[in-house]
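Single-structure report; data block below.
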Amino acid sequence: MIYLQLLYVFFFIGLFSFGGGLAMLPLIKEAVIAHNWLSNQEFLDIISISQVTPGPIAVNTATFVGNKVGGVFGAIVATAGVSLPSLIVIIIVAEIYNRLKDNEYKNAFFRGVKPVTVALIAYAGYLIGQPTFTTSNISDNIKAIIIFGITFVAMKKININPVAILIGSGILGALLF
């Protein structure tokens, strides 16, 4: 029964999420909390781990949840569930896209989807950022804001490799917290 639940939940998330893994995070969080598969803190922890491990964040999260709930087979089922809709949809969309290269309705559709995608990603940032920047310890909040600021500047102005930034931020976190 748990395998069917994992398949259904993650297939649904994969099917109705636009904008990639970060845009899926609000739906994943809602689902895993509602099913008591992860606590809020476990969800935030796995998001952090998923950012530093290879692969898409939604796939990594699905794999972790599936493994926690149903072992290795649960990980396979959840990963397949979140990945299959993308595979199916991209095959269908590629065929339609090729047939409608210069269609004004297609272009209008993509102009409408872009702001929604940005909003979903921004909301995912809010979900991750809220507990990070709003702890009861003011000193920890200030440290988190400083790490955020350094990271933002390093990405935007200095153009440092994201892997180096993740490693550096982890070291800063270990030293400061």
- [ ] Apply the Karplus parameterisation 6.51 cos²θ - 1.76 cosθ + 1.60, with θ equal to phi minus 60°, to every residue of segment 41-54 and state each ³J(HN,Hα) to the nearest whole Hz, in sequence, with x for glycine and proline.
- [x] 5, 4, 4, 4, 5, 5, 5, 4, 5, 5, 6, 9, 9, x
Task: Long-range lysine pairs (8 or more apart or interchain), the chain, Cα under 26 Å - done: 9
TODO: Please report how far the C-alpha centroid of segment 81-159 lies from that of segment 25-50, rounded to the nearest whole angstrom.
DONE: 17
Open item on the list: Please compute the alpha carbon radius of gyration of segment 1-120, then divide it by the globular-protein estimate 2.2 N^0.38 Å. Two decimals is fine.
Closed with: 1.15
- [ ] Order these peptides, 106-114, 8-16, 45-53, 83-91, by their mean beta-carbon neighbour count within 10 angstrom, highest first.
- [x] 8-16, 45-53, 83-91, 106-114
Open item on the list: Could you give the length gained by full extension between N159 and N98, i.e. 0.36 nm per residue of separation minus their alpha carbon distance, to one decimal place?
Closed with: 18.4 nm
Task: J(HN,Hα) series, segment 103-113, from Karplus relation 6.51 cos²θ - 1.76 cosθ + 1.60, nearest Hz, glycine and proline x - done: 6, 5, 5, 4, 4, 5, 4, 5, 5, x, 6
Open item on the list: Can you compute the helix-only [θ] at 222 nm over the chain? Use -39500 (n - 2.57) per DSSP H run of at least 4 residues, normalise by all residues, nearest 500 deg cm²/dmol.
Closed with: -28500 deg cm²/dmol
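Any read-out appearing in this document is the output of simple, stated calculations on the displayed coordinates, not a laboratory observation. It should be emphasised that the depicted structure is a prediction, and the values quoted were computed from it without experimental measurement. Reconstructed Cβ throughout: ideal geometry from the backbone, glycine too, with neighbour counts over all protein chains shown.
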